[in-house]
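K.L.:
Here's a structure for you.
What follows is calculated from the coordinates using simple rules that are stated; it is not laboratory data. Remember, it's a predicted structure, so these values are computed and weren't measured experimentally. Heads up, the Cβs are rebuilt from the backbone with ideal geometry, glycines too, and the neighbour counts pull from every protein chain shown.
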Amino acid sequence: MFKKTIDRRSFLLGTTALVAAAPLGGLLGSTSALAQDAANPFGLADGSTVDAVIFNGGYGIDYVEFAAGLVQKNHPTVTVKVSPSTQIAQELQPRFLGGNPPDLIDNSGAQAIGFSAIIDQLEDMNAVLDAPSLEGTKIRDTLVGGVEKPGTFGDKFVALNYVMTVYGIWYSASLFEANGWTPPTTWAEAIELGKVAKEKGLYLFGWGKEAATYYRTTAVASAIKAGGDEVRLAVDNFTPGFWSHPAFQAVFTALYEIISGGMMKPGGAGTQFTAAQAQWSNDQSFLLYPSGSWIENEMKPATKADFKMTGMPELSIDANDKLPKTALHATAGEPFIIPAGALNLAGGKELLRTMLSKEAATNFAKTKLAPTIVKDTVPADGFGSTALVSQSKLLADAGNDVFTWNSFDLYGTNQDELVVWNSFLDGKLDVAAFTAALEAITSAVYNDPSVTKVEVK
């Protein structure tokens, strides 16, 4: 069994990514003063076409189209084609096999390609980070610290995660204020809130079938807060038996009490996920929803007026937790990759370089209400977004207690786990059966000699 080793301690984030935006110069003005090689560091050929395939999820694809427009403005004879996809693996794995992969890919979503299958077919991203930005500064110096780590597998940096993603539990601050409720910090407090909500005909949580594993994300975060590095490393290495760790069992037991106690809105396994999310953001039929910071933009068309969407840290278990209640699951997300076999390698790199400009990154933050990894592109008022302001507060409150993991993305187990999580949330599995089903999935990966393992230390 081939093993690679990765040293990926807690991904520590500075809060400097979430301060006032600097004034922007025009794109052409900023590049015209550069030397020719700095304006075209990858040697993008005149008259060439750039082929980008972008996951069409909570952030859409228009932010990449915006950057594509800047590329075409800067290179008038170049054509940039940006195509949407929700089935990245299904649509692009045949192109990898056929030797004609796209030049730039956003390998995201439930149908992302497991990185273990394509690591050796991807370009190293250091060349992009060492290139000059459109503003003339080395790109690496314009980004928040630690952005390489989530996209580094073994000793190879192959994915540049573009969006600064804060994970948490989201709620309507206005609804809580109107009812005099305090956001819970532990599972026990959440259960008590659920009982109060039930008396008002409301549910505590809800879900949709395609996003059932959002509850995996929040469960893993809670377990890591409780058990610290011991749990985090077990998760990242798919160590057999990790689902049976007392921290996970405490979380699963609390979730089961919520489900069996009628505090989970029923029917989620048969409900499309954005429709289920609208039951939360528009109908307000349940109070809390675990998600990442894309949730505001994703539900913008279906959010009740004056909802005041706000994030809080994922729940702790008790005072014995290894990490404080303010500890936060956050990382750079939306992994962009450049296949080494791309027909226009320079084009893929140039499009990504342009996405990392102040102009493109500020456009993303303003239109998607989430920060990118480019520093100094979000004003203090969060462009009027309560969710974006709350992300700033969550990061500031967490300080150095920020963590993440990437084993599920690495090994591509999401589809198998969706079935199990839907069954559990639907009340069809008790904790023991649920744990055994999850263990069967992750242990199968661990014991499969054909799967390249990445050892996390």
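K.L.:
How would you order 375-383, 204-212 from highest to lowest mean count of nearby Cβ atoms within 10 Å?
P.N.:
204-212, 375-383
K.L.:
Once you list every other residue whose beta carbon is under 14 Å from the beta carbon of ASN282, what net charge do they have if Lys and Arg are +1 and Asp and Glu are -1?
P.N.:
Overall, the nearby charge balance is 0.
K.L.:
Distance cut-off 21 Å, Cα to Cα: go down the list LYS149/LYS453; LYS156/LYS457; LYS156/LYS375; LYS149/LYS393; LYS138/LYS349; LYS209/LYS308 and report the pairs above it.
P.N.:
Where the Cα-Cα span goes over 21 Å, the pairs concerned are LYS156/LYS375; LYS149/LYS393; LYS209/LYS308.
K.L.:
Arrange the following residues from fewest to most other Cβ atoms within 10 Å of their Cβ: ASP106, ASP46.
P.N.:
Ordered by Cβ neighbours within 10 Å, fewest first: ASP46, ASP106.
K.L.:
Excluding residues on the same chain fewer than 8 positions from LYS322, give the aspartates and glutamates whose Cα lies under 16 Å from its Cα.
P.N.:
ASP229, GLU230, GLU314, ASP401
K.L.:
Out of SER222, VAL196, VAL166, whose Cα points farthest toward the positive end of the dipole of region 80-224 (charges: +1 Lys, Arg; -1 Asp, Glu; placed on Cβ)?
P.N.:
So the residue we want is VAL196.
K.L.:
Could you grab the relative contact order for region 73-152? Cα pairs under 8 Å, six or more apart, rounded to a whole percent.
P.N.:
Computed value for region 73-152: 19 percent relative contact order.
K.L.:
Which of the following values of Cα extents along the principal axes in Å was calculated from the structure shown: (i) 62, 55, 49; (ii) 66, 53, 37; (iii) 57, 53, 45?
P.N.:
Matching the structure shown: (ii).
K.L.:
Return the distance in nm (one decimal) between the two label points of a simple spin-label model at GLN93 and GLU257, each offset 7 Å from Cα along Cα→Cβ.
P.N.:
Placing both labels 7 Å beyond Cα along the Cβ direction yields 4.1 nm.
K.L.:
May I pose another question? Please report how far the C-alpha centroid of region 432-457 lies from that of region 194-245, rounded to the nearest whole angstrom.
P.N.:
About 18 Å separates the Cα centre of region 432-457 from the one of region 194-245.
K.L.:
Write down the percent of antiparallel bridges among all DSSP beta bridges whose residues are both part of the chain, to the nearest 5.
P.N.:
Of all bridge pairs located within the chain, approximately 55 percent are antiparallel.
K.L.:
In degrees from 0 to 90, rounded to the nearest 10, what is the angle of the helix 414-425 Cα long axis to the longest principal axis of the chain?
P.N.:
With both axes taken from Cα atoms, the answer is about 20 degrees.
K.L.:
While we're on this one: Which of TYR446, TYR203, TYR171 has the fewest other C-beta atoms within 10 Å, and how do the rest follow up to the most?
P.N.:
The order, fewest Cβ neighbours first, is TYR446, TYR203, TYR171.
K.L.:
If you don't mind, there's one more thing I want to ask. For the chain, what is the mean residue ellipticity at 222 nm derived from helices alone (per DSSP H run of n ≥ 4: -39500 (n - 2.57); sum divided by total residues; nearest 500 deg cm²/dmol)?
P.N.:
Result for the chain, helices only: -11000 deg cm²/dmol.
K.L.:
Please give the helix 386-398 orientation as an angle from the longest Cα principal axis of the chain, in degrees from 0 to 90, rounded to the nearest 10.
P.N.:
Taking the Cα atoms of the chain, the angle to 386-398 is about 80 degrees.
K.L.:
Cα centroid distance between region 380-422 and region 142-185, in Å?
P.N.:
3 Å
K.L.:
To continue, here is another question. Helix 62-74: angle to the longest alpha-carbon principal axis of the chain, degrees 0 to 90, nearest 10?
P.N.:
10 degrees
K.L.:
Next question, about the same structure. Can you give the net charge of the other residues whose Cβ lies under 12 Å from the Cβ of ILE441, counting K and R as +1 and D and E as -1?
P.N.:
My count for the surroundings of ILE441 gives -3.
K.L.:
Same structure again: Please give me the summed charge of the neighbours of GLU296: other residues whose Cβ is under 13 Å from its Cβ, Lys and Arg +1, Asp and Glu -1.
P.N.:
Charge balance in the 13 Å sphere: +4.
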